[in-house]
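Every read-out reported here was derived from the displayed coordinates using simple, explicitly stated rules and does not represent laboratory data. Predicted model only: the values in this text are computed from it and were never measured. Counting neighbours? That spans all protein chains shown, and the Cβs are built from the backbone with ideal geometry, glycine included.
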Amino acid sequence: MTPAAPLIGVVALLLLATALGVVLQRRNGRIRRFDGGERLDPADLGAVLGGEALGPQGAVVQFSTEYCARCPGVRRLIAALLDGRRGIGFAHVDLTRDPALAKRFGVLQTPTVLVVDGEGRLRSRLSGPISREALENSLVPLTGGNDDRDDA
């Protein structure tokens, strides 16, 4: 066996690992925006929002599991951003005991956050590590860029 064969194998493995790393990194923190054409089934929204009504401006729905390390921080971030903001509801859904909801809403990783307008149309879907800036930008279609807080 020539020394070139193992060297080529190592280089090929490094290139493959690098490509895989880039793909996985791009998937984390992914934000998908929607034009408002995709409407969620009201029965599905009712199952997720439970007693919490869809606000007149919309709602933010966070899907998480008990084992998700990032989920509590994202939940606090959402609560802080929505604190005192009129017209936007918030629902936290733990998929640990109801994995059928994950399939129904296409949740492949946690945290996943859906931003839904007042008519039940999906506006944004955020998956993976979620920054404050990304979440604030996702709320713009609901607020029109206005900070509609009670204390503002």
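I'd like to compare 125-136, 106-117: which one has the highest average count of other Cβ atoms within 10 Å, and what's the full order after that?
Result, highest mean Cβ count within 10 Å first: 106-117, 125-136.
At 0.36 nm per residue, and after removing the present C-alpha to C-alpha distance, how many nm does the segment from GLN109 to ALA79 gain when stretched out fully?
Full extension from GLN109 to ALA79 adds 8.8 nm.
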